[in-house]
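Data block below; observations after.
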Amino acid sequence: MTSPSSPPLKSPIPPPRTSVPQASSIPPPPLPTSPLDFLAFPSRPWSQQTPVPPPPPLPPPPAASGPAPPHVFGLEKSQLLKEALEKAGPVPKGREDVKRLLKLHKDRFRGDLQWILFCADLPSLIQEGPQCGLVALWMAGTLLSPPSGVPLERLVQVAMERGYTAQGEMFSVADMGRLAQEVLGCQAKLLSGGLGGPNRDLVLQHLVTGHPLLIPYDEDFNHEPCQRKGYKAHWAVSAGILLGVPAVPGLGYTEDPELPGLFHPVLGAPCQPPSLPEESSPGAVYLLSKQGKSWHYQLWDYDQVRESNLQLTDFSPSRATDGRVYVVPAGGVRAGLCGQALLLRPQGCSLAQSPFEVCRHFSTCDDPKV
């Protein structure tokens, strides 16, 4: 389309006056060869004798109001993605989205426990193609990198250069850790042997501090963890945890005004660490996670995630026959993903430091003191 900076269209050269053909012999105007050519025709009937005026300039774009929406990778190429975003409305802020989620699932929480929410704010990013792992790493990187962040394209580029991926897929937690260290400049600790046992307390303590956890799991139709032997292998990032405890510590917490029994750490105030729920206490730990097929937080029972992560053993037969090339480590999906996860934290940060001196999580509480 023409724009205010485009030169005006030239008027056609008038025909010679010595011989004017009859109306029946006047050739019809040429058909436009592209949608842009329609702008060269006036709205009134065509005539050889009347010059064609240039179209009026386009109005300037409306001034932007409010913050820019979050970037959605692949939006430029996907009409389906555009339509889905238009129907869904604006992307909620992290605090609002978590509040919505907790209200939606409040009936799932055990009434004999009080609940403490720790959650660092994660942005959303929609994946394009098999890039769930790299999208999850990009989200995690916003808590690890400088404020400018690291573009997803940079993660994809380095992963391809190092031979970790062919088209964005990541079937190795170890490769993901090496990529995180190189591009994000962070610390990465690979957990093996599952999310239970001694690893459970490491994960819970890590999430309470607000640091991200990358988890491979099998994805169900609603994006929740399921058990498909690795056929639906997917990646999620968690930077939040909901703990069910017999009693909330007296220092550094405030109760939610809308959800009785739910407590939040007071931002910027000293926090007394809660007692971590025992592994034998089912339904006492939930992860707040995001993954690359939705811009909303999801709330998953910890045991459900642990079981899904522990049964990633086989490569999907449909992927094996789709004609594409995938980078799978020696030993297959079992060696690359099964029972593994990745703890990420900024360079220089250690669990030896007291993570509870100052709570730095965002809060869903509407109390103005928080």
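Within segment 239-268, the set of residues being open to solvent by 10 Å² or more (accessible area, probe 1.4 Å) and over 19 Å from residue 209 (Cα atoms) comprises 246, 247, 255, 257, 258, 259, 260, 261. So which residues in segment 179-198 are surrounded by fewer than 18 Cβ atoms within 10 Å (Cβ to Cβ) and farther than 19 Å from residue 332 by Cβ, if there are any at all? Residues satisfying the conditions are 181, 182, 185, 189, 196, 197, 198.
If you take the residues in segment 144-154 that are touching a Leu at 6+ places or on another chain (Cβ under 8 Å) and surrounded by fewer than 20 Cβ atoms within 10 Å (Cβ to Cβ), which one is farthest from residue 213 (Cα to Cα)?
Of all residues in segment 144-154, those touching a Leu at 6+ places or on another chain (Cβ under 8 Å) come to 144-145, 150, 152.
Next cut, surrounded by fewer than 20 Cβ atoms within 10 Å (Cβ to Cβ) only: 145, 150.
Working: 145: 15, 150: 18 Å.
The qualifying residue farthest from residue 213 (Cα to Cα) is 150.
In segment 258-359, counting only helices (runs of 4 or more DSSP H) that sit wholly within it, the ones holding 1 or more residues that are among the aromatic types (Phe, Trp, Tyr) span 302-309. Of all residues in segment 121-143, those satisfying the criterion of being open to solvent by less than 10 Å² (accessible area, probe 1.4 Å) and in contact with a strand residue (DSSP E or B) (Cβ under 7 Å, 6 or more places away or on another chain) are 122, 133, 136, 137, 139, 140.
Listed here are the residues, each with its yes/no results for (1) within 24 Å of residue 123 (Cβ to Cβ); (2) open to solvent by less than 10 Å² (accessible area, probe 1.4 Å); (3) free of Cβ contacts under 8 Å to residues at least 12 places away in the same chain.
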{"residue": "278", "(1), (2), (3)": "no, no, yes"}
{"residue": "282", "(1), (2), (3)": "no, no, no"}
{"residue": "296", "(1), (2), (3)": "yes, no, no"}
{"residue": "329", "(1), (2), (3)": "no, no, no"}
{"residue": "332", "(1), (2), (3)": "no, no, no"}
{"residue": "339", "(1), (2), (3)": "no, yes, no"}
{"residue": "342", "(1), (2), (3)": "yes, yes, no"}
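Tell me which residues, restricted to segment 151-174, are among the hydrophobic types (A, V, I, L, M, F, W, C) and touching a Ser or Thr at 6+ places or on another chain (Cβ under 9 Å).
The first filter runs over segment 151-174 and keeps only residues among the hydrophobic types (A, V, I, L, M, F, W, C), leaving 152, 155-156, 158-160, 166, 170-171, 173-174.
The answer is 156, 159, 171, 173.
Among the residues of segment 165-174, is there at least one that is at pLDDT 90 or above, hydrophobic (A, V, I, L, M, F, W, C), in contact with a helix residue (DSSP H, G or I) (Cβ under 9 Å, 6 or more places away or on another chain) and not in a loop (DSSP other than H, G, I, E, B)? Yes; the residues of segment 165-174 include at least one that is at pLDDT 90 or above, hydrophobic (A, V, I, L, M, F, W, C), in contact with a helix residue (DSSP H, G or I) (Cβ under 9 Å, 6 or more places away or on another chain) and not in a loop (DSSP other than H, G, I, E, B). For residue 271, are the conditions met, namely being touching a residue at least 60 places away in the same chain (Cβ under 8 Å) and buried (at least 22 other Cβ atoms within 10 Å of the Cβ)? For residue 271, the condition - touching a residue at least 60 places away in the same chain (Cβ under 8 Å) and buried (at least 22 other Cβ atoms within 10 Å of the Cβ) - is met. Scanning segment 155-171 for residues that are farther than 24 Å from residue 319 by Cα and open to solvent by 10 Å² or more (accessible area, probe 1.4 Å) turns up nothing. For segment 110-152, taking the residues that are of a type in the set (Gly, Ala, Ser) and part of a loop (DSSP other than H, G, I, E, B), the one that is modelled with the lowest pLDDT is identified as 148.
Please determine whether any residue of segment 236-251 is in a loop (DSSP other than H, G, I, E, B), in contact with a strand residue (DSSP E or B) (Cβ under 6 Å, 6 or more places away or on another chain) and of a type in the set (A, V, I, L, M, F, W, C).
Filtering segment 236-251 for residues in a loop (DSSP other than H, G, I, E, B) gives 246-251.
Adding the requirement that they be in contact with a strand residue (DSSP E or B) (Cβ under 6 Å, 6 or more places away or on another chain) leaves 248.
Still in the running and of a type in the set (A, V, I, L, M, F, W, C): 248.
The answer is yes; a qualifying residue exists.
Applying the set (1) at pLDDT below 95; (2) within 25 Å of residue 123 (Cβ to Cβ) to residue 216 leaves exactly one unmet item: (1).
The values are calculated or read from the model by the stated rules, or taken from the named source; none is laboratory data. Note that the structure is predicted; figures quoted are calculated from it, not measured. Using ideal geometry, Cβ is built from the backbone for each residue, glycine included, and neighbour counts are taken over all protein chains shown. Keep in mind that these areas ignore ligands, DNA and RNA; they rest on the heavy atoms of the full protein, side chains included. Shrake-Rupley method; radii C 1.70, N 1.55, O 1.52, S 1.80 Å.
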